[in-house]
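These notes are about the structure you will find just below.
Throughout, read-outs are computed from the coordinates displayed, never taken from laboratory work. Every value quoted in this text rests on a predicted model; they were computed, and no experiment measured them. Positions of Cβ are backbone-derived with ideal geometry, glycine not excepted, and every protein chain shown enters the neighbour counts.
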Amino acid sequence: MRKLWLVAAAVVVSSFAILGWIGTRIYQQMPPIPDRVISTDGTEVIAAGEIAAGQNVWQSMGGMEVGSIWGHGSYVAPDWTADWLHREAMFVLNEWAKTEQQAAYDALPAERQAQLRGRLEQMYRTNTYDPATKAVRMEPVRARAFAACLEHFSGVFMQGETAYAIPAGTVNDPARMKQLAAFIFWSAWAASTNRPAESITYTSNWPHEPLIGNRPTGESVMWTGVSIIMLLAGISAMVWWYASQKHGAEPGSVPATDPLMTWEATGSQKATVKYFYVVSALILVQILTGVITAHYGVEGGGFFGLKLADWLPYSVTRTWHIQTGLFWIATAWLAAGLFIGPLISGVEPKGQKLGVNVLFLALFVVVGGSMAGEWLSIKHKFTDATAFLWGHQGYEYIDLGRVWQALLFVGLLLWLFLVVRAVRPALKEGGEQRPLVWLFLISAGAIGLLYGAGLNWGQHTHLSMVEYWRWWVVHLWVEGFFEVFATTVIAFFFARLNLIHPSLAAKAALLSATIYLSGGIIGTCHHLYWSGTPTVALAWGSVFSALEVVPLT
């Protein structure tokens, strides 16, 4: 068992070290945010601070719940990065064609089109950012293209677009619309401009846009091949290892009666029942908001003729649909931990029931308050700064305002405290279940602490770094250590039912956790391929995310 613990520790420590190193590389090589964008004729296209302000406008209106940026978000509306880039490129091509050939670009012969595309690619891929002045210079034709795109997007966000499920007044101020356009332009600029001394864009040639030569990079193709090879090798190694083990029946007999039937529920365990009622209610809300959200994809402005979008626009219902899903899953796990604690130790700590009830009230406030804040933010009841704190952060899965997010983190720490004090007597007793208890506590600690990664960004943090930390929460918290917790709980119940020896249950749980964390921690990077990250994220993410499949075999 000691060797298995050492292997598990080595996997976790080395994996987080690599993930942290990748984070430093992202910080060092993320796309710069220019202070100003200036035309070569001296016209100021984007003023100082407009890009950063535009990011806050985008966040407050729902962010990733209204279309997507760099591929992350919702898909009823377009990816704004790809949409802006294509519209801007077509504007330039058409202006060149009309000026030089007196015809639209599509009407030109293929040879002439190819010449214009080559010229366009050269103009777009050339990096004109000056680190000294923190300014980007562009040709006057691109400045005119910016104005044309601003006009189009003003129509979408200010007048509304039913096909995108975007109601009128999503942005209600021309100055804020200009800021939002500046942010979307910047995302498209990063997706079309080569990194210094390289031939790939800041987003590794994402999105696919043949007009400017955005095609899969050589690195993307190579690491895709490597990941497939690693997947096959990992599955083969797992099958070989399993076949090499002895699988004789474990000595012992199945109990005649259920060992848990003699357990009498404690006060704190009975207090967890209301958690499961809330879980059921949240599932119902998630289903209802999901039905409305899905219908908006057909009837973007209403719900079977009802102008529901006037009060519950797509961005609100989608936010609530995702958030209630996360809330009921988290609530169920928290209740499970609180219920199992006294079962593990056989002891009900003094005041445990009170703690369970206080935590329930805290979760109730966070769920209700955050959902109300998200609605108020999208309905323009907050300033951008207030929206970030109390309303909508704009980042999918972490939509709730920062205050609610911090309160949820405090609630998770309270839950961890309650779980630890409940199982602590089992650690003092020792015995064969002690390794399983330690694994249970470690997984509970990871659940409580890793949510804090979502507090590592602020209102004005660069989008690439927000994405890095956001996926720590979504991938590592939801897709990582919840699985460790679930595996441990299942192993504990099997051991308590006398279906498996406690030491064997602990070994199986620890081995399972080690196997899928060996791919899962670094595999977080498979969410970061095109988020303004260097190739190192693509390389590590593709290989180790492929290894996440291995335990499923």
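For this structure, a couple of remarks:
- Distance between the 7 Å Cα→Cβ label points at residue 501 and residue 429: 2.0 nm.
- For the stretch 403-497, the set of GluC sites (Glu not before Pro) satisfying both a DSSP loop assignment and a count of at most 16 other C-beta atoms within 10 Å is given as 432.
- Using a Förster distance of 30 Å, the FRET efficiency for residue 162-residue 86 (Cβ separation, nearest 0.05): 0.90
- Helix 352-378 vs. the chain, principal-axis angle (Cα, 0 to 90°, nearest 10): 10
- Computed on the stretch 267-429, with alpha-carbon pairs under 8 angstrom and 6+ residues apart, the relative contact order is 26 percent.
- Distant alpha-carbon pairs in the chain (separation over 40 angstrom), percent: 34
- Dipole orientation for the stretch 267-429: of the candidates 317, 344, 411, 344 has the Cα lying most toward the positive pole (charges on Cβ; Lys, Arg +1; Asp, Glu -1).
- Degrees, to the nearest 10: 273-296 long Cα axis against longest axis of the chain: 20
- The charge dipole of the chain, taken about its Cα centre with unit charges on the Cβ atoms of Lys, Arg (+1), Asp and Glu (-1) only, comes to about 1440 debye.
- In degrees, nearest ten, helix 402-429 long axis to first principal axis of the chain (Cα): 20
- Cα-based Rg / Dmax (Å) for the stretch 1-74: 21.0, 71
- Taking the Cα centre of the stretch 267-429 as reference, the dipole from Cβ charges on Lys and Arg (+1) and Asp and Glu (-1) amounts to some 580 debye.
- The chymotrypsin sites (Phe, Trp or Tyr not before Pro) of the stretch 32-125 meeting both criteria, a DSSP state outside H, G, I, E and B (loop) and at most 12 other C-beta atoms within 10 angstrom of the site's C-beta, are 75.
- Taking θ as phi - 60° and the Karplus parameters 6.51, -1.76 and 1.60, the scalar couplings of the stretch 100-114 work out to 9, 10, 6, 8, 5, 4, 5, 8, 6, x, 4, 5, 5, 4, 4 Hz in sequence order, x denoting glycine and proline.
- Sites residue 44 and residue 303, calculated FRET efficiency, Cβ-Cβ separation with R0 51 Å, nearest 0.05: 0.70
- The stretch 1-149 - charge dipole about Cα centre, Lys and Arg +1 at Cβ, Asp and Glu -1, debye rounded to 20: 700
- Using the rule -39500 (n - 2.57) for each DSSP H run of four or more residues, divided by the residues of the chain, the 222 nm mean residue ellipticity is -20500 deg cm²/dmol.
- Most positive-pole-ward Cα, 60, 206, 553, against dipole of the chain from beta carbon charges: 553
- Only one residue of 30, 476, 448 has its Cα farthest out toward the positive end of the dipole of the chain, where Lys and Arg carry +1 and Asp and Glu -1 on Cβ, and that residue is 448.
- Contact order normalised by residue count of the stretch 32-215, Cα under 8 Å, 6+ apart, percent: 30
- Chymotrypsin sites (Phe, Trp or Tyr not before Pro) lying in DSSP loop within the stretch 248-353, provided at most 13 other Cβ fall within 10 Å: 263, 304, 311
- Taking 0.36 nm per residue of separation and subtracting the current Cα-Cα distance, fully stretching the chain between residue 107 and residue 281 would add 56.8 nm.
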